[in-house]
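The next block holds one structure in the form of structure tokens; read it before the comments.
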Amino acid sequence: MKKRTSSCQSLGESGSSGACMAGTCKQGYPFSIVWSPIPLITWLMPCIGHMGVCNSEGVIYDFAGPFSVNEDQFLFGRPTRYLILEPRSAMQLFAGTTHAAEPSPSSSSSSAGAPSLSRSPSVTSVALWEVDLPTLASAWDLALGSIVGLYRCLWYNILTRNCHAFVADFMNMIGYQGASNWNMVHLAVLLFCKGRYASWGALLYTWLPFCLLMALGVRTYASASLQCPYRSLNASS
């Protein structure tokens, strides 16, 4: 495991450019979005959890707090769900270099005074389906390194600039599936509906607390409902 870092720097030079096929690396889930439950919160609302994104070798990056992006040290333990992305669907992956720009009103996570990332128009001459995997991996890692470097300079806001916003900004920067309007809600729904469970144990870890709380609530409500008629009879007598 690599140590948690919070320096304001990019992975552009030190980031890995290896070419692992999705699902075959020992480190995790290459080219994937990963998710894990947040204790107490996910127990009550299973659609809410912690999210991160992986580079080409399965190393997880997640926005964990002010000026802090974890590197292969997922904040709430090992991921329980994942969604493999197709790097060749990243339409802006070869769209030139990234640079800091003024915040846009339509940004998924930026607020007043915070920098955002913008990229030059896509290079239409690049046929992504003809690009070899190592080249795709290198471009993917470079783009991820740019967004990591940006978020290591940003404050954390649980509502507007959080782990979901970090992943959404990365998806927008690479133009995944030709879209530039990815946001926290889109990603939450996508992972909830299409995310795969890492194992049967991960499935139980995600849903068992919620099911137990629901069963306890139903039993408590049923017991209270059954006792009400008897209380009324005793009061009238």
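Can you give the net charge of the other residues whose Cβ lies under 12 Å from the Cβ of HIS50, counting K and R as +1 and D and E as -1?
+1
Considering amide H positions built from the backbone, and no H for Pro or chain starts, which residues 5 or more places from GLU71, or on another chain, come under 5 Å of its amide H?
The list, which skips near neighbours in sequence, is THR5.
Carbon-plus-sulfur fraction of the accessible area of the range 39-98, 1.4 Å probe, in percent?
Reported share for carbon and sulfur atoms: 64 percent.
Could you state how much accessible area CYS193 has, in square angstrom rounded to the nearest 10, with a 1.4 Å probe and all protein chains kept in place?
100
The values are calculated or read from the model by the stated rules, or taken from the named source; none is laboratory data. The structure presented is a predicted model; accordingly, all values stated were derived computationally and were not measured. So basically every Cβ, Gly included, is an ideal-geometry build from the backbone, and we count neighbours across all protein chains shown. We work out accessible area using only protein heavy atoms, side chains counted, and drop any ligands, DNA or RNA first. Shrake-Rupley method; radii C 1.70, N 1.55, O 1.52, S 1.80 Å.
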